[in-house]
Every structure is written in C-alpha cells, then in structure tokens.
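Nothing in this text is a laboratory measurement; each read-out follows from the coordinates by a stated rule. Predicted, not measured: the structure shown is a model, and the values here were computed from it. Because the Cβ atoms are built from the backbone with ideal geometry, glycine has one as well, and the counts that use them run over all protein chains shown.
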Amino acid sequence: MQNFEQLLEENELVKITPEGYSMYPLVVPGRDRVTLKKADPNGIRRGEVWLYRRPSGILVLHRVWKVREDSIFMVGDNQSEVEGPLTKDRFFAKVVTFERKGKEFSARNPIYVVLSGLWLWMRPLRLPIMKPLAALKKKLRGKKS
C-alpha cells in the first residue's frame, strides 16, 4: 500500500480495480477499473468519487454526498447510509476516469455525470429498487441453468 500512496504523492495517475460492492452498479468489482489522481480536498464537490481513509485506517472509494465548510459526508452507490462527518485531511485522491469492459471514460463525461447525479439523488430509494432487481436477476440466472 505504501507504493500506491507514494505514487499518488508523486502526482502519478494510479489505476485500481475496486473490491467490494459498495459502488455497484456504477463500478462493478473485478470488472471495472478507476484512475485516481492526487487532488486538493478543498476542491471536493458533491457527486465526485474520492479515495479517503476512515479513522480505522481502511481506504474507501465512495461518492461525495454533502460538503460542508469543515466536513464531508460520503455514500457508496450501493448504500443508503451516509458516512460522516469526515474531515478533509482524510481525502487524498479522486477518480478522474472509469474503465468498463476495456473502454475508458472521464468522470466528467456528461452522460456519467447525469446518471451518477440521478443515482445520488435517488439514495433513499436505492434499497427498495435494488432488492427486487437482485431477486429477479437471481431468478433469471436460475432459469438459464
């Protein structure tokens, strides 16, 4: 992990394949990749995806839910629970590109910005939407076998 953080400190772009499902469906673990760039946490804006360190030391890649003068609130795309307040000193890199199935696109891509903004706005409805979809997907997979 030292090497990863050292590369960011040296202003290198770092590509990672996120683990876990907290950013699903906009980042699929094991398939999608993101490019991180060291960035000034004073420029954090709602809707951006940032890498930060929790007080426990764990690194997390989540979306900005709310920015206050002295604190940030974060949420995963597959979560409804908001985490925070977090201090700006916990943040050190933001996602600048996403790669899905070998195709890379900017985090500023207008289509992505609209879709992720809509998904962020729908935070209270995520669980009621995703549970039936997951059950349907599981059922459809069972019929194919």
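In loop segments of segment 51-145 as defined by DSSP, the GluC sites (Glu not before Pro) with at most 16 further C-beta atoms inside 10 Å of their C-beta are Glu69, Glu81.
Our estimate of slack between Asp40 and Glu19, defined as 0.36 nm per intervening residue step minus the Cα-Cα distance, is 5.1 nm.
Label sites at Phe105 and Arg53, each approximated as a point 7 angstrom past Cα along Cα to Cβ, lie 3.4 nm apart.
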